[in-house]
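Structure record follows, encoded as structure tokens.
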Amino acid sequence: MNGLLQWLASGPDADVSRQLAEWSTQSARAVELYAAHHKRTAALWGATFARDAGGADAQERETVARPDPGDRRFAAAEWRNDAYFDFIKQSYLLNAQFLAELVESAEIEPRAKGRLRFYARQLIDAASPANFAATNPEVLRLARETNGEAVTRGAQNLLGDFSRGRISTTDESAFGVGRNIAVTPGTVIFENELIQLIQYAPAGAAVRRRPLVIVPPCINKFYVLDLTPENSFVRYAVERGNTVFMVSWRNLTSELGHLTWDDYVRDGVIKALEIAREVAKADQVNALGFCVGGTLLASALAVLLARGDDWAASLTLLATLLDFSDAGEIGLFVDEASVAAKEAEIGRGGIMEGRNLAFVFSMLRANDLVWSYVVNNYLKGRSPEPFDILYWNADSTNLAGPWYCWYVRNMYLENRLREPAALTVCGEPVDLGRLRMPAYVLATREDHIVPWRSSYAATALLKGRTRFVLGASGHIAGVVNPASKNRRSYWTSEFLAASPDTWLKGAREVRGSWWGDWDGWLARFADGETPAPERPGGGEYERIEDAPGRYVQFRVV
């Protein structure tokens, strides 16, 4: 335990280290925590010795520390039935509990505490005895039962992942973009250096008059919304009668490393809205943005309104931040020094590699997205199960350096989007207060990237009638929750409140997917129906290739 504390006290953050060291040496509360930890440790040793003595006590032994009910790391029977592994498990849990309590009790500056909490969790997760062959009974048993074959397969898996530069989290051979993922029928009708625009084929003889334009996050590929057919949000939207247009962001190479936030707004979002209106012959569109795609979409609509162009009849934001006051753990590590360093590196040109961003997001849920696969792939020698969301998650997307630096500085660091006219985009002052169209704002309760309470802050910035819905699960699984499976739940209320917690107290839980609730809301802005188009595009926008298109096919190896 002392070694773990020394690691925290010596880094990796000098400011955090100093504050922790000062508090832990001067605080009576720290002394109390140390004493309580030593008492629990002594109780564990006593229970272990009693167990070794045998008899009734061995069957009704005291358990000093128990894993959380959902902790799958210690599910194997050996962790309970074998005295050696039971002791290792409980000793680890006691140390983890003490470290977490020490961090939570530390009387240090809140931002520093947030970073300390993150470091402590990384250390706790990495130090689990389940992560090491010598202290994981399942690994040892498999090695014996397979006569070492599991060890050989694990080494092969490790070498394969080393060559790929990332940990495999799914059986990638089970999926292919355009083969069984991103297969909703459609056509690319436009492309420039930044995007392709896909128009999906209608599912019936009639469609809603106003099309649906979807702006996915440029940090990832669009097909998170068009996974396997049973999980495809796009397919659902098409089947509900929408003419769907999808922005497919290009996976950038160094030749396009000069692109800026303005380029993404003008040549990405605004261009897609313009083409959808023209092709559908509609006065307005229904616009949807997911994650940073929603941030880009809101910026673009504010630019258009500043020019007198009211192109959106409704706005849907999925897991989107407009107010970055509390950007979760990601925001804790954005400061002037780190942003300035990145600006010096790629701010005037260059690439922010997608694999680096993917690693950061994975570390926010290290047990689920890192260590469980280290154990499964390398220690047990198994292959991960096929999972379409994790296939998409491994398909990283590069970003233009100037775009990335502008985004991090103006959103995460300085939080200027929420301030009227504090930002100028495409030559226009951005004022989110101009967005008076009806809005549907979805957040997800366990989101580790866009905290739901922060997403709720959009309801105070948008001036139209806003419906806020809170979905179960996390950033992706909470959004990709097909109506046909009737899983999970969501919370809704007809009224907004001054604070998200007050809203939640007055909300009601509804079983199933939020998709149906959203579709019922969106139907009000359809402007009636019109015969489905006989072919995609029209005018100067003709077929370039079938969906999903070339841009999404480029994969970072």
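Things worth noting here:
- With the simple spin-label model, which puts each label point 7 Å out from Cα in the Cβ direction, the R144 to A42 separation comes to 3.6 nm.
- The stretch 129-219, accessible surface, carbon-and-sulfur percent (1.4 angstrom probe): 57
- A Förster radius of 41 Å combined with the Cβ-Cβ distance from E419 to D368 puts the calculated FRET efficiency at roughly 0.70.
- Computed from point charges on the beta carbon alone (+1 for Lys and Arg, -1 for Asp and Glu), the dipole magnitude for the stretch 380-443 about its Cα centre is near 140 Debye.
- Over the stretch 270-392, all Cα pairs binned in 5 Å intervals from 0 give whole-percent P(r) values of 2, 8, 11, 14, 14, 13, 13, 12, 6, 3, 2, 1, 0, listed from short to long.
- Other residues lying with their Cβ under 15 Å from the Cβ of N356 contribute a combined charge of +1, Lys and Arg counting +1, Asp and Glu -1.
- Cα convex hull volume per residue for the stretch 110-245 (Å³): 219
- Taking 15 Å as the straight-line reach from the Cα of K221, the aspartates and glutamates in range (excluding those fewer than 8 positions away in the same chain) are E353, D388, D395.
- Zone of D283's modelled label, taken as backbone nitrogen in the stretch 416-443 under 20 Å from a point 7 Å along Cα→Cβ: 435-439
- The Kirkwood radius of the stretch 308-348, taken over pairs of alpha-carbon atoms, gives through the Stokes-Einstein law at 37 °C and 0.692 mPa s a diffusion coefficient of 243 µm² s⁻¹.
- Taking a quarter of the surface of the Cα convex hull of the stretch 382-429 gives a mean projected area of 5.7 nm².
- Rounded tilt (10° steps) of 83-105 against the dominant C-alpha axis of the chain: 60
- Take the Cβ atoms of A523 and A127, set R0 to 45 Å, and the FRET efficiency comes out at 0.30.
- Cα gyration tensor shape for the stretch 99-154, rounded if a/c is under 1.5, else prolate or oblate: prolate
- Diffusion constant of the stretch 204-285 at 37 °C, which comes from Stokes-Einstein with the Kirkwood Cα-pair radius and 0.692 mPa s, µm²/s: 234
- Relative to the longest principal axis of the Cα atoms of the chain, the long axis of helix 336-346 lies at roughly 60 degrees.
- 0 to 90° range, to nearest 10: angle between helix 149-164 axis and the chain longest Cα axis: 40
- Other-chain or far-sequence residues with amide H under 5 Å of T243's (modelled H): R208, L212
- The alpha carbons of the chain stretch over 85, 54, 49 Å along the principal axes, in descending order.
- Of interest is the spacing of the C-alpha centroids, which for the stretch 443-485 and the stretch 289-355 amounts to 17 Å.
- For the pair I389 and S325, label points projected 7 Å from Cα toward Cβ lie 2.9 nm apart.
- Among residues other than D447 with Cβ under 13 Å from its Cβ, the summed charge is 0 (Lys and Arg +1, Asp and Glu -1).
- Note on K281: lysines with a C-alpha under 16 Å away, same-chain residues under 8 apart excluded, are K271.
- For a straight C-alpha distance cut-off of 29 angstrom, the lysines reachable from K505 (same-chain residues fewer than eight places away being disregarded) are K113, K463, K485.
- Relative to the current alpha-carbon distance between R164 and Q26, full extension at 0.36 nm per residue lengthens the span by 44.9 nm.
- Spin-label pair E230/E78, simplified geometry with 7 Å Cα→Cβ offset, distance in nm: 3.4
- If both residues of a DSSP beta bridge must be in the chain, then about 55% of such bridges are antiparallel.
- When shorter helices are ignored and each DSSP H run of at least 4 residues is given -39500 (n - 2.57), the per-residue value for the chain at 222 nm works out to -11500 deg cm²/dmol.
- Per residue, the convex hull spanned by the alpha carbons of the stretch 373-511 comes to 177 Å³.
The values are calculated or read from the model by the stated rules, or taken from the named source; none is laboratory data. In this text, all values refer to a predicted model and were calculated from it rather than measured experimentally. So basically every Cβ, Gly included, is an ideal-geometry build from the backbone, and we count neighbours across all protein chains shown. Just the protein is used for accessible areas: all its heavy atoms, side chains included, with ligands, DNA and RNA removed. Shrake-Rupley method; radii C 1.70, N 1.55, O 1.52, S 1.80 Å.
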